[in-house]
């Protein structure tokens, strides 16, 4: 009730006759969203309401000429929307085929979110930069991956998975070509959780135990497809030089970021960031939402949202660089189509099978084709 009161108050201010009411509405809306994010258990009780509230405040951010803040708010709200959709889908009657169920999940909200997120991505996305070759001594880079597949009836995963036999040789060959150490993890630091919740821990441990300059993490369902481009070239392209520039590079997409591949610099900032991510409870979209929220928090939703704190639009932390998907994390169908994201094409650096699991025959065939294509290089 208290949360709703903040939103009603903001709505009143927004439609009032005051000249500066747009910022007042945004301040009140941010205060309400802060309450929501501080009480995630309550937000999870009704993720649909959370999604609607994020969308509402994103509209006020747009009215206040804060397009970057609006985009990030919509992306966070979209995470709650996906949670609500999954909960609805799992509650459909088992007697009726889910694909032909007559009831649709919040069609108006779906359309409004899709249009808004796609339009903002089209105008604010990271441009595809010309590739810059690294100059000087090569940084010490480790390539880390986790390939851990256990029997799981939910995802139809068996004890034997063919994917590591395809991707691990690809990862190893690329690392050897460029003189990078390759570390494959088949055991998990968090054995009771899904594998992706361990990636921030293995990166953190690599910095503490072996002190590489950078760690590149790549999911087991991603493949290097441009062997000539080095990871150092990606760093140079996005301004991460030996002494300056970002500490964390991640590919963006319309929904936010995709953590199937990550580049992390060894620094105090990175260690503290990885620790915050590891302790995050915002795991609605697996590790992805954990990373995303810790990037945005607290400047997207200032904890004391006074007018001075939201007079200007949101700015990404200087330690974070968003990378075009062609340079770090290109998708395949159906994800590229369903999410309006960049689809892999010949010449792209990495092909990631997000949303295309090996259990589906057409995905596995495409993985085999990708492994063969990369091997020919």
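For residue 38 and residue 108, the FRET efficiency from 1/(1 + (r/R0)^6), where r spans their Cβ atoms and R0 equals 25 Å, is about 0.30. Against the chain, whose longest principal axis comes from its Cα atoms, helix 2-14 is set at around 70 degrees.
Taking Cα atoms only, the orientation of helix 286-296 departs from the longest principal axis of the chain by about 60 degrees.
Taking 19 Å as the cut-off, the amide N atoms of the range 210-250 that come nearer than this to a point 7 Å along the Cα-to-beta-carbon line of residue 375 belong to 220-228.
Quick one: length gained pulling residue 338 to residue 132 fully straight, 0.36 nm per residue minus the C-alpha distance?
On the way: separation 206, 0.36 × 206 = 74.16 nm, distance 3.11 nm.
Residue separation times 0.36 nm, minus the Cα-Cα distance, leaves 71.0 nm.
To the nearest ten degrees, helix 107-124 and the longest principal axis of the Cα atoms of the chain are 60 degrees apart.
Calculate, for residue 150 and residue 362, the FRET efficiency according to 1/(1 + (r/R0)^6) with r their C-beta to C-beta distance and R0 22 Å; round to the nearest 0.05.
On the way: r = 24 Å, r/R0 = 1.09.
The computed FRET efficiency comes out at 0.40.
Extending 7 Å from Cα along the Cβ direction at residue 87 and again at residue 184 yields two label points whose distance is 4.0 nm. Only bridges with both residues in the range 141-375 count here: give the DSSP antiparallel percent, nearest 5. Looking only at bridges with both residues in the range 141-375, the antiparallel portion is about 50 percent. The fewest-to-most ranking of 299, 198 by surrounding Cβ atoms within 10 Å reads 299, 198.
Working from label points 7 Å from Cα in the Cα-to-Cβ sense, the residue 268 to residue 286 distance is 3.4 nm. Of the residues 122, 195, 278, the one that moves most in a GNM of the chain with alpha-carbon contacts below 10 Å is 122.
Bear in mind these aren't lab numbers, they're just calculated from the coordinates by the rules spelled out. The structure presented is a predicted model; accordingly, all values stated were derived computationally and were not measured. So basically every Cβ, Gly included, is an ideal-geometry build from the backbone, and we count neighbours across all protein chains shown.
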